[in-house]
Amino acid sequence: MLVQDLHQHNHTHNQDLEDGGDNIRESTESLLPTTVTLFPDIANLEDFFNDGEDETHQGMTIINEWALSKISTLQSKLEQMQHTRDAKFYRGNSGGFQKFSSSSIYQLANEVFGFNGWSTEILLCVMQEIRVSNEEQDDQVARTHTTLEANSNNLDLLTRESSSGKTLLSGKRYSAKSLCLVKLVLLDGTCREDFGFGTATNVPSKHACFAKCKKEAVTDAIKNAILGLRDVYNCYELNQFF
């Protein structure tokens, strides 16, 4: 009887200890912050550290082998075009890839990446320099001006204004320079940023002057971005040796 009471007492004591431990555990968990971040699983460590391994250089990124293959094809086709054009020159130097027209570079990009395999985004387009000159009109414009004055039926032509609000025969000429930053993105996410410059000189309309130099800057930036993809490939090759 005494032994049975002793066992029952020990069982009750152990149960009290377990209940007390559960209460302490619950109170401790309630004190812990809810934003505890555990260490990643060892099996996932490789993926954890490889998340940021895409090679990134100033304004350009390599995503996968598809981009490297396409850029390599672009490089070889550019060299082939260069060789074909140099063959027409006795000295064998026609000025480099920059001398290619923008339309030929766009056509080459469509051929290599596909017409829907690349896109562009204008990040910045600003006017760097604006000049307004009041130079005297040449003889031809002056004669036209005199003829119009003599003809009363055409006097309204003297006050005809352009879209910028300036008189067409006022003699003012606008010159400007523009800077543009364009981002080129390939189908897989590979991107390249590059600058372009545009100029307009002695344009009679301010609106036409700005439109011309901005369009030229955007065209030049896109062309430079396409040609700049070669730098992405060159950086990748250099990293293979280090």
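Each residue in the stretch 195-219 was checked for being within 24 Å of V132 (Cβ to Cβ) and part of a helix (DSSP H, G or I), and 13 pass.
Can you find a residue in the stretch 199-213 that is under 24 Å from G114 (Cα atoms), surrounded by 19 or more Cβ atoms within 10 Å (Cβ to Cβ) and modelled with pLDDT of 75 or more? No, because not a single residue in the stretch 199-213 is under 24 Å from G114 (Cα atoms), surrounded by 19 or more Cβ atoms within 10 Å (Cβ to Cβ) and modelled with pLDDT of 75 or more.
The values are calculated or read from the model by the stated rules, or taken from the named source; none is laboratory data. These numbers come from a predicted model, not from an experiment. Note: ideal-geometry Cβ built from the backbone for every residue, glycine included; neighbour counts use all protein chains shown.
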